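Colleague: Once you've had a glance at the structure underneath, I'll fire off some questions.
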Amino acid sequence: MATLSLSRRVRRTPFSDGVEAAGVKGYTVYNRMLLATVFRSVVEDYRHLKQAVQVWDVACERQIEIGGPNAARLMQMLTPRDLRDMQPGQCCYVPIVDETGGMLNDPVALKLAEDRWWISIADSDLLLWVKGIVFGFRLDVLVDEPDVHPLAVQGPKADKLMARIFGDGVRDLRFFRFDWFDFQGTSMVVARSGYSKQGGFEIYCNGAANGMPLWHALMEAGADLDVHAGCPNLIERIEGGLLSYGNDMTRENTPHEAGLGRFCSTRTAIGCVGRDALLRVAREGPVQQIRPIAIAGDFPPCDRAWPLMAGELRVGQVTSAAASPDFDTGAAIGMVRMTHWNAGTALTVVTPDGPRTATVQDRFWT
Ligand code: THG
């Protein structure tokens with residue numbers, strides 16, 4: 001395979017030196033920034049993630065800071081999730097939709113204060129949409145990218161490692177809650193969250209200059225815990241049903257199609273720009289939806305949508321797939337039309353290496 005040429009348009013992160021020194025073997029580009037995809041091998045990384053602790057450079061989860069008197073109003077314009085009960089110190093997974101109800105992003109929102117929020121974005125230029133809304137509605141807020149860089153600490157030994165750096169207080173954090181903790185004199189947000197089902201934290205590293213000191217501190221403190229550099233793991237995230245924006249859903253899909261209806265409360269999300277469109281689709285129900293799919297036999301890496309067929313009829317597509325060692329199956333995420341989305345339905349997925357049997361599952365593999 002050819003290599004991907006780097007340039008200034010593909011940004012390094014404050015942790016890139018550490019990622020390179022740890023022997024990164026593959027990258028993708030996410031929000032125009034480097035994101036590692038493999039260190040030892042995807043399978044070795046997967047096994048290690050499930051039994052030890054990893055430090056992930058996820059600085060590509062760029063932050064959008066929204067500050068000012070209209071901050072809460074703006075946030076509710078962006079998402080069909082009802083944010084009225086959200087408290088400072090809480091994280092929320094929030095589908096972001098346009099005026100047609102199409103998904104623009106699926107970030108984690110952090111409420112720092114009534115008038116100050118961060119949006120920790122997936123891979124799309126959400127900043128431009130937010131700035132357009134602010135200008136068009138003449139909102140009284142400032143929008144920018146703060147000097148804040150997420151570093152995830154994931155795996156069963158994450159609590160132990162994090163307590164050594166930030167103190168036992170981190171152990172008391174509940175899922176999707178955050179608080180401020182000191183690192184070498186700088187206060188940083190630490191949340192119990194992250195893009196794996198193995199448990200762990202995300203440190204919102206305050207100041208790029210603190211990036212490598214934080215990286216080294218975690219690596220040194222975790223030596224006896226077998227800490228290793230890692231990254232979001234393809235196999236583990238598919239097993240767990242964690243969606244990837246741009247792969248598993250795009251602007252063509254509503255949150256309901258993406259299976260994110262449980263994060264929408266469209267009726268009470270007053271002010272959401274996609275509210276009318278979503279009220280319509282929520283009443284009718286989606287005609288296609290994300291499903292876990294088991295694929296029999298081997299298959300190549302999934303770098304494009306693979307058609308899902310019922311005989312001659314195209315009834316959906318597979319958008320993420322990987323062989324699962326622990327569940328001894330091909331694990332995949334697909335979008336399936338309602339006529340064929342019931343668990344147990346046997347379909348054919350057309351991979352570049354040929355057709356394979358694909359069976360709709362009733363749940364993901366966790
Ligand atoms: N953490 C932070 N920012 C992010 C991601 C992250 N931005 C980009 C991307 N990931 C956004 N997508 C997701 C997808 C899933 C989850 C978080 C961000 C997630 N989902 C849990 C689940 O589905 O089990 C829990 C959701 C809930 O119950 O609220 O964690 O990972 N900072």
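The values are calculated or read from the model by the stated rules, or taken from the named source; none is laboratory data. Note that this is a predicted model, so its numbers are computed, not measured. We place every Cβ from the backbone using ideal geometry, glycine too, and count neighbours over all the protein chains shown. Accessible surface areas use protein heavy atoms only, side chains included; no ligands, DNA or RNA. Shrake-Rupley method; radii C 1.70, N 1.55, O 1.52, S 1.80 Å.
Colleague: So which residues in region 157-181 are acidic (Asp, Glu) and either within 16 Å of the ligand (Cβ to nearest atom) or farther than 15 Å from ALA52 by Cα (or both), if there are any at all?
Modeller: ASP168, ASP172, ASP179
Colleague: Might you check whether a residue that is out of contact with any Phe, Trp or Tyr (no Cβ under 6 Å at 6 or more places or on another chain), over 22 Å from ASP17 (Cβ atoms) and within 14 Å of the ligand (Cβ to nearest atom) occurs anywhere in region 203-219?
Modeller: For region 203-219, residues out of contact with any Phe, Trp or Tyr (no Cβ under 6 Å at 6 or more places or on another chain), over 22 Å from ASP17 (Cβ atoms) and within 14 Å of the ligand (Cβ to nearest atom): absent.
Colleague: Tally the residues that are closer than 10 Å to VAL315 by Cβ and hydrophobic (A, V, I, L, M, F, W, C), restricting the search to region 333-359.
Modeller: Result for region 333-359: 5.
Colleague: Sticking with this structure for a sec: Filter region 245-284 for residues that are within 11 Å of the ligand (Cβ to nearest atom), outside any strand (DSSP E or B) and out of contact with any Ser or Thr (no Cβ under 6 Å at 6 or more places or on another chain) and give the result.
Modeller: GLY246, ALA258, GLY259, LEU260, ARG262, PHE263
Colleague: Separate question: Within region 82-115, can you find the residues that are over 18 Å from GLU202 (Cβ atoms) and not in a loop (DSSP other than H, G, I, E, B)?
Modeller: Matches in region 82-115: ILE96, VAL97, MET103, LEU104, ALA113.
Colleague: Right, here's the next one. May I ask you to verify whether ALA229 is more than 14 Å from the ligand (Cβ to nearest atom), surrounded by 21 or more Cβ atoms within 10 Å (Cβ to Cβ), of a type in the set (Gly, Ala, Ser) and part of a strand (DSSP E or B)?
Modeller: It is true that ALA229 is more than 14 Å from the ligand (Cβ to nearest atom), surrounded by 21 or more Cβ atoms within 10 Å (Cβ to Cβ), of a type in the set (Gly, Ala, Ser) and part of a strand (DSSP E or B).
Colleague: Can you tell me which of THR3, THR79, THR100 is of a type outside the set (D, E, K, R), touching a helix residue (DSSP H, G or I) at 6+ places or on another chain (Cβ under 6 Å) and over 27 Å from ALA158 (Cβ atoms)?
Modeller: Selected residue: THR100, the only one of THR3, THR79, THR100 that is of a type outside the set (D, E, K, R), touching a helix residue (DSSP H, G or I) at 6+ places or on another chain (Cβ under 6 Å) and over 27 Å from ALA158 (Cβ atoms).
Colleague: Which condition number in (1) surrounded by fewer than 17 Cβ atoms within 10 Å (Cβ to Cβ); (2) among the polar types (S, T, N, Q); (3) under 17 Å from GLN51 (Cα atoms) is the one that GLN184 fails?
Modeller: (3)
Colleague: Do we have THR79 as under 20 Å from the mean Cα position of the chain (by Cα), closer than 30 Å to LEU279 by Cβ and in contact (Cβ under 8 Å) with a residue 12 or more places away in the chain here?
Modeller: Considered against the rule, which asks whether it is under 20 Å from the mean Cα position of the chain (by Cα), closer than 30 Å to LEU279 by Cβ and in contact (Cβ under 8 Å) with a residue 12 or more places away in the chain, THR79 comes out as yes.
Colleague: Looking at region 329-366, which of the residues that are hydroxyl-bearing (Ser, Thr, Tyr), free of Cβ contacts under 8 Å to residues at least 40 places away in the same chain and not in a strand (DSSP E or B) is surrounded by the most Cβ atoms within 10 Å (Cβ to Cβ)?
Modeller: THR345
Colleague: Taking ALA294 as meeting all but one of (1) in contact (Cβ under 8 Å) with a residue 24 or more places away in the chain; (2) of a type outside the set (Lys, Arg); (3) surrounded by fewer than 12 Cβ atoms within 10 Å (Cβ to Cβ), write down the number of the exception.
Modeller: The number of the failed condition is (3).
Colleague: Filter region 117-131 for residues that are within 14 Å of the ligand (Cβ to nearest atom), touching a helix residue (DSSP H, G or I) at 6+ places or on another chain (Cβ under 9 Å) and either open to solvent by 10 Å² or more (accessible area, probe 1.4 Å) or under 14 Å from MET103 (Cα atoms) (or both) and give the result.
Modeller: Within region 117-131, ILE121, LEU126 qualify.
Colleague: Now for a different question. List the strands (runs of 3 or more DSSP E) inside region 143-222, counting only whole elements, that have at least 1 residues being in contact (Cβ under 8 Å) with a residue 12 or more places away in the chain and more than 24 Å from SER244 (Cα to Cα).
Modeller: Hits in region 143-222: 178-183, 186-191, 200-206.
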